[in-house]
Each structure stands twice: as structure tokens, then as C-alpha cells.
1. Please give the number of the condition LYS36 fails out of (1) free of Cβ contacts under 8 Å to residues at least 40 places away in the same chain; (2) touching a Ser or Thr at 6+ places or on another chain (Cβ under 7 Å); (3) among the basic types (Lys, Arg).
2. Which residue is surrounded by the most Cβ atoms within 10 Å (Cβ to Cβ), if the candidates are limited to the stretch 14-47 and must be closer than 16 Å to THR74 by Cα and of a type in the set (Gly, Ala, Ser)?
3. Among the residues of the stretch 17-64, write down those that are among the basic types (Lys, Arg), part of a helix (DSSP H, G or I) and under 26 Å from PRO3 (Cα atoms).
4. Would you mind stating whether ARG67 is part of a helix (DSSP H, G or I), at pLDDT 95 or above and not acidic (Asp, Glu)?
5. Can you confirm whether THR57 is in the same structural domain as ALA32 (by TED's automatic domain parsing), at pLDDT 50 or above and loosely packed, with under 11 Cβ neighbours inside 10 Å?
6. Would you be able to say whether some residue in the stretch 76-84 is in a helix (DSSP H, G or I), among the basic types (Lys, Arg) and at pLDDT 90 or above?
7. May I ask you to say which residue of LEU50, LEU11 is over 14 Å from the mean Cα position of the chain (by Cα) and surrounded by 17 or more Cβ atoms within 10 Å (Cβ to Cβ)?
Amino acid sequence: MEPGQQEALFLLLVSQLRDAAWFSFGRAEHPAAGHKERNLDAARFHIDMLGMLEEKTRDRLSATESRALAQTLTELRMLYVDELGKPETPSRGTDERGGEGAAEEEAAKDRGGREAQGSGEAGG
């Protein structure tokens, strides 16, 4: 395999692990699941995988590979610390069933409460 191919594959691996961490932060909709899901243990796992790659490949990466890995780790570690300060709830638009249900249920409760009181907002 040519060095250019190896660099491209390494950068792809780093980006795949970065994306997996992003999905685990609940900041992006997971393409396979079709919804956002926050799982900090999974995010930490992906960050640890990238950290292990950094340790095991130290002084063996090109400048581009080393920079991409270091920047990715810095970004993800900062996001992880930020996420630790947030409540461990299925808010953020998701619920345990894996959908936008929590946000929808909350909006329905707000609407339903007013409608049940006969406020006439039900449109009929």
C-alpha cells in the first residue's frame, strides 16, 4: 500500500471514530438509528480509542495525521467535559424508545393540558 493511501485510510479512521463520538454525545442524528441518542460511556470509549491510537503511533505519523488526530482529540475531550456538566436525562429531543418522543410528549402535554381545560384552543 502506498503512503498516500495509508494516510488517507488513517484520516478516515480518525474521522469515523470522531463521528461515532459525536453521535454518542447526542449532537448528531445517528444514521442507522435515525435519532439522536446521548451515551457518554460510548463517547468516552471512542475518545479513549483515539487516545490509544495517538500513544501507539507517536513519532510514526505524518504531520497531517498527527495534527488531525491531536485536533480531533482536543475537540472531543472539550465536548466531553461540556457534556459532563449537563443533566443525564433523555431530554435533548430523544427518549428511551429511540425517537423524538420526549420532546413531542412534552409539547403534547402542554397542548393537552390547555385543551383538557376546555380553553377552546383545540380548534373545535
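The values are calculated or read from the model by the stated rules, or taken from the named source; none is laboratory data. Note that the structure is a prediction, hence the values are computed from the model and not measured. Cβ coordinates were reconstructed from backbone atoms using ideal geometry, including for glycine residues, and neighbour counts include every protein chain displayed.
1. So LYS36 meets the others, but not (1).
2. Selected residue: ALA21.
3. ARG18, LYS56
4. yes
5. Here the answer is no, as THR57 does not meet what is asked.
6. Looking for residues that are in a helix (DSSP H, G or I), among the basic types (Lys, Arg) and at pLDDT 90 or above, one finds at least one in the stretch 76-84, hence yes.
7. Only one candidate qualifies: LEU50.
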